[in-house]
1. Working carefully through the options 90, 168, 189, 163, find the one that is out of contact with any helix residue (DSSP H, G or I) (no Cβ under 9 Å at 6 or more places or on another chain), on the phi > 0 side of the Ramachandran plot and not assigned by TED's automatic domain parsing to the domain that holds residue 74.
2. Evaluate segment 141-163: report whether one residue or more is more than 11 Å from the ligand (Cβ to nearest atom), surrounded by 15 or more Cβ atoms within 10 Å (Cβ to Cβ) and aromatic (Phe, Trp, Tyr).
3. Exactly one condition in (1) in contact with a Leu (Cβ under 9 Å, 6 or more places away or on another chain); (2) within 14 Å of the ligand (Cβ to nearest atom) is false for residue 89; which is it?
4. Restricting to helices (runs of 4 or more DSSP H) lying wholly in segment 7-76: which have 1 or more residues that are under 18 Å from the mean Cα position of the chain (by Cα) and in the same structural domain as residue 104 (by TED's automatic domain parsing)?
5. State whether the residues of segment 212-226 include one that is touching a helix residue (DSSP H, G or I) at 6+ places or on another chain (Cβ under 8 Å) and modelled with pLDDT under 95.
6. Considering only segment 92-113, state which residues are more than 8 Å from the ligand (Cβ to nearest atom), surrounded by fewer than 24 Cβ atoms within 10 Å (Cβ to Cβ) and either within 15 Å of residue 22 (Cα to Cα) or of a type outside the set (Asp, Glu) (or both).
7. Restricting attention to segment 186-234, which residues are assigned to a strand (DSSP E or B), within 10 Å of the ligand (Cβ to nearest atom) and touching a residue at least 60 places away in the same chain (Cβ under 8 Å)?
8. Are any of the residues in segment 174-185 within 14 Å of the ligand (Cβ to nearest atom) and surrounded by fewer than 17 Cβ atoms within 10 Å (Cβ to Cβ)?
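The values are calculated or read from the model by the stated rules, or taken from the named source; none is laboratory data. This is a predicted model, so every value here is computed, not measured. With ideal geometry, Cβ positions are generated from the backbone for all residues, glycine too; neighbour counts draw on all protein chains shown. Just so you know, the surface numbers come from the protein's heavy atoms only, side chains and all, with ligands and any DNA or RNA stripped out. Shrake-Rupley method; radii C 1.70, N 1.55, O 1.52, S 1.80 Å.
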Amino acid sequence: MSQKESAGTLLRSDAAASEALVRDLFEPTVRIGIAPVRDELADLSAAERALVEGAVRTRKNEFATGRRLAHRLLAELGVAAGPILRDADRVPIWPEGIVGSISHSRTLAVAALARAAHGSGIGIDIEPDVAVRDGVERVVCTPFEQTWLDSAPSITPSDPDPRSDRARWVKLFFSAKESVYKAFFPRIRVFWGFHEVELEIDPVAGRFDASLPASADRQRITGRFARKDGVIVSGVLVD
Ligand SMILES: CC(C)(COP(=O)(O)OP(=O)(O)OC[C@H]1O[C@@H](n2cnc3c(N)ncnc32)[C@H](O)[C@@H]1OP(=O)(O)O)[C@@H](O)C(=O)NCCC(=O)NCCS
């Protein structure tokens, strides 16, 4: 995630609550794991540790928890795996026949993996459910999406300032678009700007329908999102 939360804004590190957050994000063919970010670098292989050797402690920890979750999911899928390294674009190199995605905030990491028979790409994103800063809306949201924001449903009915709700919906657009990008990039290797993907959000169902740039091999994709206890997660499976 690009816009990191300030200390303490992510509220939950409770395992059961976190798992409930991601439970319905994907079909059961996708294995998903979520865990509080911790110092578990010692659990990784030397080759994985070397990838974050010069990084700051927070980066090392989020990397380590993401990798540890991915190893757990590979084991659940019955796949023997060595170190999960990365390519020149920072994309994790999964074992043959596996697709997956990792995301982390300062406090939580999430990973989602599946057999390639069940999808050609997975994208997942986790963000603190906080208002974006002024100016972010026009970077992230298209004019169509900004019109949707004009009548977006209230997230916090008791909040007297509707601008904070609007800025939290922008955060949802940001998260969903990151998940879409991560689902396609490892296969097509084309950069997409935020305005190249346009979303229609169903706030009740927790779904979004994304129209895609011409460089994708399809025009639309549907994803899911959940927001609870100060956290947003978004996920996309490309079938
Ligand atoms: C790739 C990107 C989406 C990753 O997001 P992020 O803000 O760094 O943070 P996240 O925690 O959500 O994800 C990081 C993880 O994504 C994975 N990743 C990194 N680059 C990736 C890429 N190009 N494609 C897919 N996955 C990628 C890695 O596993 C990484 O974690 P790791 O380094 O610990 O292994 C972001 O850096 C980026 O390049 N965005 C620009 C393009 C974009 O978002 N366009 C949106 C319009 S659709």
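1. 189
2. yes
3. In the conditions (1) in contact with a Leu (Cβ under 9 Å, 6 or more places away or on another chain); (2) within 14 Å of the ligand (Cβ to nearest atom), residue 89 misses (1) alone.
4. 15-22, 57-76
5. Just the residues of segment 212-226 that are touching a helix residue (DSSP H, G or I) at 6+ places or on another chain (Cβ under 8 Å), to begin with: 212-213, 215-217, 221, 223, 225-226.
When the remaining residues are screened for being modelled with pLDDT under 95, the result is 217.
The answer is yes; a qualifying residue exists.
6. 93, 94, 95, 97, 98, 99, 106
7. Listed by number, the list holds a single entry, 234.
8. no
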